[in-house]
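The values are calculated or read from the model by the stated rules, or taken from the named source; none is laboratory data. Model, not experiment: these values are computed from the prediction. Quick reminder, even Gly has a Cβ in these numbers, built from the backbone with ideal geometry, and neighbours come from all protein chains shown.
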Amino acid sequence: MNHYLLLTPGPLTTSETVRQAMLKDWCTWDDDYNVGVVQKIRAELVSLATTSPHYSSVLMQGSGTASVESVLGSAILPSDKILIINNGAYGKRMAEICQVLKLNHHVLNFKETQAPDLELIEQTITQDKEITHLAMVHCETTTGMLNPLVDVAQMCQRLDIRFILDAMSSFGGIEMDIGDLGIDFMISSANKCIQGVPGFGFVIGRKQSLERCRGNASSLSLDLYDQWHTMETANGKWRFTSPTHVVRAFAQALTELKQEGGVAARQERYRENQSRLVKGMLKLGFEPLLSSTMHSPIITSFYSPAASDYDFKRFYEGLKQLGFVIYPGKVSDADCFRIGNIGEVYPADIDRLLAAIEETIYWEKLPVTA
Ligand SMILES: *Cc1c(COP(=O)(O)O)cnc(C)c1O
């Protein structure tokens, strides 16, 4: 049994059955694993992402960032230039990857509480003829903001720009068809909305775009093409040791996503969690960082209590004793904390959380408003 509920954006609270799936050892060489587990996962991921037959999936060892790095480091040829949209820590991370890998890139910076400016993006692309790619985060987990996916996707299609989407914290929890959106690479990981445990990420890419990566990676272990090609030609084989227990847990998590009713049903549960949370928090006097039109159903940032002796750690510990773990803030210019709505978390848990928050601010004597 879990000691407390994780209200974090991943690793998150998983089901008992997902955790139980890790109690068996698997041989990476055996068909039971490669054909029975890995290939099934790869096909299911593609069918969750799109109805288009032009896509394929690659699983990649490491945390989600390794998958982002494998895409950027493999897809951007020396003759390419990528535009990075940055309005939070994860947009910034993509810019850092480009810097470290010395990729030809340009960064458009926006405020963390501001939606990216579509006009400015379009202007930048039309003025800089070198730009061939654009990368954006879907749900910026820093704040919980949902970036304008459809608008940017349509713009990329219209301007003939290849589109890379970091949908790490939204894929499986927010409906989308990456084929309709013309996305070249969509990146996510095991421990977010699919509700698995951490250990690998995955990329769902247009086959033509994956082919184009051939021979371009500057890293051996993060070579996206090579990993894909091996999985395709050797029936689900990973080039190097794969996180077998984690992969098996992920297969179970995918089964449970189906049992819940698919992405639409999961999105509805997250949305209900989020709206219940915001309603309850407003009643307690807390104020969300973003206006409600910008919110994702994934995670919500709240301003910290105004009490002069407020201390996140004390608030955190108080809630932890009552069985809930929340997340510190990550916004650079506002004092916040975050509460995640994803994982094996239900509206009744949110109600219990709200009662625990009320109790904590009472005992800790933390007036929420000044
Ligand atoms: C979680 C997350 C990542 C990856 O983070 P890791 O710590 O490497 O797993 C990337 N982008 C977004 C938007 C995320 O939420």
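Select from the range 209-246 the residues that are out of contact with any Phe, Trp or Tyr (no Cβ under 9 Å at 6 or more places or on another chain) and of a type in the set (Ser, Thr, Tyr) and write down the one among them that is surrounded by the most Cβ atoms within 10 Å (Cβ to Cβ).
Ranking the qualifying residues of the range 209-246, first place goes to Tyr225.
Hey, could you check the range 60-84 for residues that are in a strand (DSSP E or B) and buried (at least 24 other Cβ atoms within 10 Å of the Cβ) and say which is nearest to the ligand (Cβ to nearest atom)?
Top of the filtered list is Met60.
Can you find, within the range 1-55, the residue that is nearest to the ligand (Cβ to nearest atom) among those that are modelled with pLDDT of 95 or more and of a type in the set (Gly, Ala, Ser)?
Step by step, filter the range 1-55, then rank; the result is Ala49.
Need the failing condition index for Ala115 against (1) away from the ligand (no atom under 15 Å from the Cβ); (2) over 20 Å from Lys330 (Cα atoms); (3) small (Gly, Ala, Ser), just the number.
(2)
Which of the residues that make up the range 267-304 are of a type outside the set (Ser, Thr, Tyr), buried (at least 17 other Cβ atoms within 10 Å of the Cβ) and more than 15 Å from Cys336 (Cβ to Cβ)? So that I can check it myself, show each step before the final result.
So in the range 267-304, the residues of a type outside the set (Ser, Thr, Tyr) come out as 267-269, 271-274, 276-290, 294-295, 297-299, 302.
From what's left, buried (at least 17 other Cβ atoms within 10 Å of the Cβ): 267, 269, 271, 273-274, 276-278, 280-281, 286, 288-290, 294-295, 297-299, 302.
Hits for the range 267-304 are Gln267, Arg269, Arg271, Asn273, Gln274, Arg276, Gly280, Pro297, Ile298.
Restricting attention to the range 100-132, and to residues there that are within 22 Å of the chain's Cα centre (by Cα) and among the polar types (S, T, N, Q), which single residue is surrounded by the most Cβ atoms within 10 Å (Cβ to Cβ)?
Thr113
Here are some residues: Glu268, Glu317. Which one is assigned to a helix (DSSP H, G or I), at pLDDT 95 or above and either of a type in the set (A, V, I, L, M, F, W, C) or out of contact with any strand residue (DSSP E or B) (no Cβ under 9 Å at 6 or more places or on another chain) (or both)? First the steps, then the outcome.
Working: Glu317 fails: at pLDDT 95 or above.
Unique residue meeting the criteria: Glu268.
Tally up the residues in the range 85-106 that are part of a loop (DSSP other than H, G, I, E, B) and not basic (Lys, Arg), please.
Summing the residues that are part of a loop (DSSP other than H, G, I, E, B) and not basic (Lys, Arg) in the range 85-106 gives 5.
Suppose we filter the range 76-102 for residues that are over 25 Å from Met145 (Cβ atoms), out of contact with any Gly (no Cβ under 6 Å at 6 or more places or on another chain) and of a type outside the set (Lys, Arg); how many remain? Before you say what the answer is, go through the steps one by one.
Here is the first cut: in the range 76-102, the residues over 25 Å from Met145 (Cβ atoms) are 76-81, 100-102.
From what is left, the residues that are out of contact with any Gly (no Cβ under 6 Å at 6 or more places or on another chain) are 76-81, 100, 102.
Now restrict to residues that are of a type outside the set (Lys, Arg): 76-80, 100.
Selection size over the range 76-102: 6.
Within the range 148-161, can one find any residue that is acidic (Asp, Glu), away from the ligand (no atom under 12 Å from the Cβ), under 25 Å from Glu122 (Cβ atoms) and under 21 Å from the mean Cα position of the chain (by Cα)? Can you show your working first?
Taking the range 148-161 as the starting set, the residues that turn out to be acidic (Asp, Glu) are 151, 160.
Within this subset, residues satisfying the condition of being away from the ligand (no atom under 12 Å from the Cβ) are 151, 160.
The next check asks that each one be under 25 Å from Glu122 (Cβ atoms); those that pass are 151, 160.
Then keep just the ones that are under 21 Å from the mean Cα position of the chain (by Cα); that gives 151.
Within the range 148-161, one or more residues are acidic (Asp, Glu), away from the ligand (no atom under 12 Å from the Cβ), under 25 Å from Glu122 (Cβ atoms) and under 21 Å from the mean Cα position of the chain (by Cα).
Would you check which residues across the range 162-183 are surrounded by fewer than 24 Cβ atoms within 10 Å (Cβ to Cβ) and either within 15 Å of the ligand (Cβ to nearest atom) or among the charged types (D, E, K, R) (or both) and list them?
Arg162, Ile174, Glu175, Met176, Asp177, Asp180
Determine which member of the set Val247, Val278 is of a type in the set (A, V, I, L, M) and within 24 Å of Gln20 (Cβ to Cβ). First the steps, then the outcome.
Numbers: Val278 fails: within 24 Å of Gln20 (Cβ to Cβ).
The unique qualifying residue is Val247.
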